[in-house]
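Participant: Below: one structure in structure tokens.
The values are calculated or read from the model by the stated rules, or taken from the named source; none is laboratory data. Worth saying up front: this structure is predicted, and the values here are computed from it rather than measured. So basically every Cβ, Gly included, is an ideal-geometry build from the backbone, and we count neighbours across all protein chains shown.
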Amino acid sequence: MFRVGFVQFSPRRQDVQSNIQQLENLLDGVKADLLVLPELANSGYLYAKASTLEPYAEPGDGSGPFLGALRSIASQVGGLLIVGFAENSSRGLYNSAVALNGDGMIQIYRKIHLFSGEKSLFLSGERGLNIFTFRGVKIGMMICFDWIFPEAARTLALKGAQIIVHPSNLVLPHCQAAMRIRSLENGVFSITANRHGSESLGRTSLKFTGRSQIIDPHGDCLADAPEAGDFVQLVDIEPNDAQNKLITPRNDLFSDRHPEMYSHE
């Protein structure tokens, strides 16, 4: 079995140390193979422009304070953490997620589909959608608004992902239901780690939907959180359940596809 979970909390804007402390407190004594944390967990969400966010961003090599602290937490957890963070690179800022453990960085995904005001802060990710293997389990990353583009989850599934991890700062109402469909239509586990709470900046106010969840390959919910409050939820799964793509004895999710019929040109 493979123990997985999500961490739902409310990152504070412009307060990296507070966010580190919150996570240290929430994960004290927690043991898991894989934990998923929200999007932009280091920085909070609302910023007027990239220059005001940049002091709270850090490089993806693990040399900054937030990812350095997360490596230490991962060592205590004894497994892999997937966490969203504001990444500072030579080209500019990215809304990124990193897979890391106590030994270091394993993979970084840069968000492709930027939502609303994110387009004023971040570059769109250019590295594509890829998977990696941890303890024999194939994992793919996407971030928040990627959910509304079914091609994102399908690409990861076709590349062999057994678990799709989904750090999020969700404000639209339909994602949790849609992610059940993403799991069902691809025959994979999915873990959405959302934040809760609200943020305001100028005339913009956002309320985040919470309701983090773990979904199995049949689209059934294995664990979820309410809309408000900090929560850590763990479940044991059998990742190889995601290898079975049969819908009926004569129907397979992938081999029954007809890509040649799906062209929009």
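Participant: Condition (residue is over 22 Å from Leu172 (Cα atoms) and in contact (Cβ under 8 Å) with a residue 60 or more places away in the chain) applied to region 191-200: is it met by at least one residue?
Facilitator: no
Participant: May I pose another question? For region 42-51, how many residues meet the condition of being surrounded by fewer than 14 Cβ atoms within 10 Å (Cβ to Cβ) and hydroxyl-bearing (Ser, Thr, Tyr)? Outline the logic, then answer.
Facilitator: To start, the set of residues in region 42-51 that are surrounded by fewer than 14 Cβ atoms within 10 Å (Cβ to Cβ) comprises 48-49, 51.
With hydroxyl-bearing (Ser, Thr, Tyr) added as a condition, the list becomes 51.
So the count comes out to 1.
Participant: Let me ask you something else. With the condition kept exactly as written, say whether any residue in region 253-263 is charged (D, E, K, R), touching a Gly at 6+ places or on another chain (Cβ under 9 Å) and more than 20 Å from Leu80 (Cα to Cα).
Facilitator: No.
Participant: Let me ask you something else. Given (1) over 24 Å from Ser43 (Cβ atoms); (2) without any contact (Cβ under 8 Å) to a residue 60 or more places away in the chain, where does Lys207 come up short, assuming only one miss?
Facilitator: Tallying (1) over 24 Å from Ser43 (Cβ atoms); (2) without any contact (Cβ under 8 Å) to a residue 60 or more places away in the chain, Lys207 fails exactly one: (1).
Participant: Right, another one. Any residue at all in region 81-94 that is over 15 Å from Trp147 (Cβ atoms) and among the acidic types (Asp, Glu)?
Facilitator: First pass over region 81-94, keeping only residues over 15 Å from Trp147 (Cβ atoms): 81-83, 85-94.
In the following step, the residues that additionally are among the acidic types (Asp, Glu) were identified as 87.
Yes, region 81-94 has at least one match.
Residues are listed down the side, and each one gets a yes or a no for (1) surrounded by 14 or more Cβ atoms within 10 Å (Cβ to Cβ); (2) closer than 27 Å to Gly79 by Cα:
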| position | (1), (2) |
| --- | --- |
| Lys159 | no, yes |
| Glu185 | yes, no |
| Arg195 | yes, yes |
| Arg203 | no, no |
| Asp224 | yes, yes |
| Gly229 | no, yes |
| Asp236 | no, yes |
| Asn240 | no, yes |
| Pro259 | no, no |
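Participant: Among all residue pairs at least 6 apart or on different chains, which show Cβ distances below 8 Å where the first residue, located in region 23-34, is small (Gly, Ala, Ser) and the second is assigned to a loop (DSSP other than H, G, I, E, B) and surrounded by fewer than 20 Cβ atoms within 10 Å (Cβ to Cβ)?
Facilitator: Final answer for the pair search is Ala32/Gly78.
Participant: Continuing with the same structure: Say we look at region 105-126 and pick out the residues that are within 18 Å of the chain's Cα centre (by Cα), under 18 Å from Phe66 (Cβ atoms) and not hydroxyl-bearing (Ser, Thr, Tyr); which of these is surrounded by the most Cβ atoms within 10 Å (Cβ to Cβ)?
Facilitator: Taking the candidates together, the pick is Lys111.
Participant: Here is a follow-up. Scan region 137-175 for residues that are closer than 23 Å to Asn240 by Cα and without any contact (Cβ under 8 Å) to a residue 12 or more places away in the chain and jot them down.
Facilitator: Within region 137-175, Glu151 is the sole residue that qualifies.
Participant: What do you reckon, is Glu118 under 18 Å from Pro38 (Cα atoms) and either in a strand (DSSP E or B) or acidic (Asp, Glu) (or both)?
Facilitator: Taking the combined requirement at face value, the residue satisfies it.
Participant: Then there's this: Looking only at region 141-150, decide whether some residue is closer than 20 Å to Ser255 by Cα and modelled with pLDDT of 95 or more.
Facilitator: Checked region 141-150: at least one residue is closer than 20 Å to Ser255 by Cα and modelled with pLDDT of 95 or more.
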